[in-house]
Amino acid sequence: TESAVVLVSYSGTESTWYRTYSTEFDNTMLYDAALLGNNTWVVVGGQEENQPLMLWSQDQGLNWTRILLPSYLNSAITSVQYDLASNTIWVGGRGWIATGIWQAASTQWSVNDAILDEGVARPVTRIFYAAQMSQPLVLAISGSSQFASVNGVDWTSTSWPGYRLGDVTCYYNSVLGQNVIYTSTWGMLNQYTAFVGVQAADGSLTHMGRNWGISAQRWFVV
């Protein structure tokens, strides 16, 4: 029943976190954040699960402005990703992904509302832009399904029933000699697994199999 807050730290230590924003509405959640460059951030979430919320800061998170969003973004925003080179932003909600060229308050969104996990609209919990692939891929996960697109419009999906997907990332595998997609699962019947994929010649994602014993809600590749 409490309002959501934004906490900012410039050192990452326990004692130096500052509350820089509190939403004025109860029953509000904030789910994800993305750096837009030049100390500019967006934070996304929702009110009552049905009203999307996006906050924008141009001063390293000290002050926040709420961005007006169109009515067709009809659920909380549960994930966000941004690519500085193309100035493209992706946001995900319950059963949809919206793509836009970032223009702050005037961003125009192109929405794909067929992002369904085995036919059911669930929150898109992670969007990842794999820019290092031979053909850059936008990847998203929702429930037990992973979605991939080379153009942000046409999406293919792969589902692993019985698993809950945690995160997706990409890194260079020196053994295989190519960039590899890793999709993790977590918290489902102790089935700790990472699904492995590579890119086919047409840019689509081909799944190679799985690695046992790996579980992560979020990856961080260094």
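Considering only 20, 158, 107, the mean-square fluctuation computed in a Gaussian network model of the chain, springs between alpha carbons under 10 angstrom, is largest for 20.
Report, to the nearest whole %, how much of the accessible area of the stretch 69-110 belongs to carbon and sulfur atoms, 1.4 Å probe, protein only. Each step should come with its number before you reach the end.
Values: 860 of 1640 Å².
Carbon and sulfur atoms account for 52 percent of the accessible area of the stretch 69-110.
Annotation: residue 29 carries an accessible surface of approximately 100 Å², with a 1.4 Å probe and no ligand, DNA or RNA atoms counted.
Given an 8 Å cut-off on Cα distances and at least 6 residues of separation, report the relative contact order of the chain as a percent. Intermediate values should be presented prior to the final figure.
Working: 553 pairs, mean separation 21.2, N = 222.
Reported relative contact order: 10 percent.
Projecting the Cα atoms of 29, 43, 89 onto the charge dipole of the stretch 1-136, computed from C-beta unit charges around the Cα centre, puts 89 farthest toward the positive end. Between residue 153 and residue 217, the FRET efficiency from the beta-carbon distance, with R0 = 25 Å, is close to 0.30. According to the Cα-based calculation, Rg over Rh for the stretch 90-134 is 1.04, with Rh computed by the Kirkwood formula. Pairs of Cα atoms nearer than 8 Å and 6+ residues apart set the relative contact order; for the stretch 29-74 it is 29 percent. Apply the a/c threshold of 1.5 to the C-alpha gyration tensor of the stretch 80-208 and tell me whether it is rounded, prolate or oblate. In terms of gyration-tensor shape, oblate. Three semi-axes describe the equivalent ellipsoid of the stretch 10-105; taken as square roots of 5 times the Cα gyration tensor eigenvalues and ordered largest first, they are 21, 18, 11 Å. By definition, a body whose alpha carbon gyration tensor gives a ≥ b ≥ c is oblate when a/c is 1.5 or more and a/b is not larger than b/c, and the stretch 4-50 fits this oblate description. Considering only alpha-carbon pairs that sit under 8 angstrom and 6 or more positions apart, the relative contact order computed for the stretch 5-46 is 29 percent. Per residue, the accessible area of the chain comes to 51 Å² when a 1.4 Å probe rolls over the protein heavy atoms. Counting only Cβ charges, +1 for Lys and Arg and -1 for Asp and Glu, the dipole size of the stretch 88-196 around its Cα centre is about 160 debye.
If you take all other residues with their beta carbon under 12 Å from the beta carbon of residue 148, and give Lys and Arg +1 and Asp and Glu -1, the sum is -2.
Taken over the C-alpha atoms, the chain has Rg and Dmax values of 17.6, 51 angstrom.
Scanning the chain for chymotrypsin sites (Phe, Trp or Tyr not before Pro) lying in DSSP loops with no more than 12 further Cβ atoms inside 10 Å, the longest uninterrupted stretch between such sites is 73-219. Placing dummy labels 7 Å off each Cα toward the beta-carbon, the span from residue 68 to residue 50 is 2.2 nm.
The values are calculated or read from the model by the stated rules, or taken from the named source; none is laboratory data. Bear in mind that the values here come from a model prediction, so they are computed numbers and not experimental data. Note that each Cβ is placed from the backbone with ideal geometry, even for glycine, and that neighbours are counted across all protein chains shown. Calculation scope for accessible area: heavy atoms of the full protein, side chains included, ligands and nucleic acids excluded. Shrake-Rupley method; radii C 1.70, N 1.55, O 1.52, S 1.80 Å.
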